[in-house]
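Comments concern the structure below.
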Amino acid sequence: FLLGGAVAGVGAVAAVGVDLALNRQESAAKPVSAPMNGELTVPFFGVHQAGVDTAAQAHGVFLGLDLREDVDRDGLTRLMRILTDDAARLTQGLPALADSEPELALSPARLTITFGFGPGLVARAAGAGPSWLAPLPAFRVDQLRPEFSDGDLLVQVAGDDPLTVAHATRMLLKDARGFASIRWTQQGFRRAHGTERPGTTMRNLFGQVDGTTNPEPGTEQFDEVVWSADGWLAGGTGMVIRRIRMDLDKWDRLDRSGRDASVGRTLANGAPLTGTEEFDEPDFEATTAIGFPVIAPFAHIRRARGEGNEHIFRRAYNYDERPLGTEVSESGLIFVSFQADVERQFIPMQRRLDELDLLNEWTVPIGSAVFAIPPGCAEGGFIGETLLD
Ligand code: HEM
């Protein structure tokens, strides 16, 4: 009964295999019509790493690691072989080698583990990185903090169960400990699994529907926007991760029509101000009775889209931390975008938003990093082999 896998989004999902189910006498005894979400797995091996085109899971942890000084190319190969083995097991609901809490690995809940290489790692591997693999240029809106920026190795651990994600994170960090230290960690969330129908666009903590205009995994457009065709990165992609603080206390002082105008879409259902449904195409030419554009010149969607020449795939998570001082919130977006070429696709867009975007009144980037996400690998191979082998 456990093999009737469900498919959520594009990343194929299967239920954990029968041998594991046999370990669970109790659940094996009860007839179940569909697999529990905890049993669902996303394949680890493949052309691309999972966790990019996988329908976003409820919980995401992002780790930025710094390599120890003595880790050379051989050390990197050893590290990536170990981490690949951990990820291949844990994502399939199997304990890692020498797993200290093996029971915690048995409910994968669509766990994906994705690795990214920063400029320092590629240099250590004596490889040539894509030209965009560097910190982003400085933007006027930035107030970047080193404790949320840069790093040699990125690990994205995402799943629909926070305990599974925590366990996987710990196992990976234990194995990485001899090679690297933690530079930053960022924890993010979306709706809990089961709260909304799969495929519902997420909302951020401003209450906005966030992610409507986004390439659709499985389409030609997505493949073009996201997957690189260059050298060792072919089948991989570029990742921008920016921690963007959202000033909810200031946002509280803005009325609803001001909130809608700042983006150019309604909070009610994310429809453009020129339409009624979320996926209606915005009409940027439309004007009001007295001749003003309905979607204002400063509206986030107008500025982000520009002439429509650049596209990125956004896969963000919310964060909500302990507030400081007299404020009641310390919240924001772990903005994550994937694109084949950061220089050509992301930077012009961010430049436009830096020049003009009303949302800048309430948002401040406080962390920023760029990583090359290597392609996936086949069983027996390891993530990063195209650079390191
Ligand atoms: C669209 C929010 C930062 C790029 C949107 C939408 C919202 C939103 C509500 C409209 C719905 C949608 O299509 O997703 C935010 C918030 C941000 C933020 C709250 C910061 C905290 C950024 C950044 C970029 C970006 C840093 C890229 C540099 C885009 C793009 C669109 C978009 C490309 C779609 C535009 C189109 O319709 O063509 N964002 N965003 N956003 N945003 Fe952002």
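Bear in mind these aren't lab numbers, they're just calculated from the coordinates by the rules spelled out. Note that this is a predicted model, so its numbers are computed, not measured. FYI the Cβ positions are ideal-geometry reconstructions off the backbone, even for glycines, and counts take in every protein chain you see.
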> Which whole-number percentage describes the relative contact order of the stretch 92-134, with Cα contacts under 8 Å and a sequence gap of 6 or more?
Replying inline: 26 percent
> How do Trp232, Trp362 rank when sorted from fewest to most other Cβ atoms within 10 Å of their own Cβ?
Replying inline: Trp362, Trp232
> In which sequence would Leu248, Leu79, Leu133 go, from the one with the fewest C-beta neighbours within 10 Å to the one with the most?
Replying inline: Leu248, Leu133, Leu79
> For the chain, what value does the Rg/Rh ratio take when both radii are computed over Cα atoms and Rh is the Kirkwood radius, given to two decimals?
Replying inline: 0.98
> So for the pair Asp85, Asn269, with labels modelled 7 Å out along Cα→Cβ, what separation do we get in nm?
Replying inline: 5.3 nm
> So if R0 is 25 Å, what FRET efficiency would Glu224 and Asp389 give, r being the distance between their Cβ atoms, rounded to the nearest 0.05?
Replying inline: 0.35
> For the stretch 104-180, what relative contact order do you get, as a whole percent, if you take Cα pairs closer than 8 Å and at least 6 residues apart?
Replying inline: 49 percent
> Which ³J(HN,Hα) values, rounded to whole Hz and listed in residue order, are derived for the stretch 239-256 from phi using the Karplus coefficients 6.51, -1.76 and 1.60 in 6.51 cos²θ - 1.76 cosθ + 1.60 with θ = phi - 60°, glycine and proline given as x?
Replying inline: 10, 10, 10, 10, 8, 10, 6, 10, 7, 5, 5, 6, 4, 4, 8, 9, 6, 5
> Around Thr274, what is the net charge, scoring Lys/Arg as +1 and Asp/Glu as -1 over all other residues with Cβ under 10 Å from its Cβ?
Replying inline: -3
>> Report the gain in length on full extension from Asp252 to Arg344: 0.36 nm times residue separation, minus Cα-Cα distance, nm rounded to one decimal.
In response: 29.6 nm
>> On a full-extension model of 0.36 nm per residue, what is the gain between Ala138 and Asp280, subtracting their alpha-carbon distance, rounded to one decimal in nm?
In response: 47.7 nm
> Any idea what the dipole of the stretch 150-227 comes to, in debye rounded to 20, about its Cα centre with Lys/Arg Cβ at +1 and Asp/Glu Cβ at -1?
Replying inline: 540 debye
>> Over 10 Å intervals from 0, what percent of Cα-Cα pairs in the stretch 224-331 sits in each interval?
In response: 12, 30, 32, 20, 7, 0
> In terms of the Cα gyration tensor, with a ≥ b ≥ c the square roots of its eigenvalues, is the stretch 101-225 rounded because a/c is under 1.5, prolate because a/b exceeds b/c, or oblate?
Replying inline: oblate
> Ordered by residue, what ³J(HN,Hα) values in Hz, to whole numbers, does the stretch 126-136 give under the Karplus form 6.51 cos²θ - 1.76 cosθ + 1.60, where θ = phi - 60° and Gly and Pro are x?
Replying inline: 6, x, 9, x, x, 4, 7, 7, 6, x, 5
> Given the Cα-Cα distance of Ala192 and Glu355 and 0.36 nm per residue of separation, how much length would full extension add, in nm?
Replying inline: 55.1 nm
>> Contact order normalised by length for the chain, with contacts defined as Cα pairs under 8 Å and 6 or more residues apart; what percent is it?
In response: 23 percent
> With a ≥ b ≥ c the root eigenvalues of the C-alpha gyration tensor of the stretch 116-163, is it rounded (a/c under 1.5), prolate (a/b larger than b/c) or oblate?
Replying inline: oblate
> Under a Cβ-Cβ cut-off of 9 Å, what is the net charge of the residues other than Trp132 that fall near it, where Lys and Arg count +1 and Asp and Glu count -1?
Replying inline: -1
> Could you list, bin by bin from short to long, the percent of Cα-Cα pairs of the stretch 309-389 in 5 Å steps?
Replying inline: 3, 10, 15, 19, 16, 13, 10, 7, 5, 2, 0
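Tell me whether the stretch 168-254 comes out rounded, prolate or oblate; compute the Cα gyration tensor, take square roots of the eigenvalues as a ≥ b ≥ c, and use a/c under 1.5 as the rounded threshold. Intermediate values should be presented prior to the final figure.
Numbers: a/c = 1.84, a/b = 1.17, b/c = 1.57.
Oblate, since a/c reaches 1.5 and b/c is not below a/b.
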> Using the Karplus equation 6.51 cos²θ - 1.76 cosθ + 1.60 (θ = phi - 60°), what ³J(HN,Hα) coupling, rounded to whole Hz, does each residue of the stretch 165-177 give in order, writing x for Gly and Pro?
Replying inline: 5, 5, 5, 4, 4, 5, 5, 5, 5, 4, 6, 7, 3
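Among Thr237, Thr326, Thr274, which comes first, then next, by fewest other beta-carbon atoms within 10 Å?
Thr326, Thr274, Thr237
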>> Using helices alone, I'd like the mean residue ellipticity at 222 nm for the chain: each DSSP H run of four-plus residues gives -39500 (n - 2.57), total over residue count, nearest 500.
In response: -6000 deg cm²/dmol
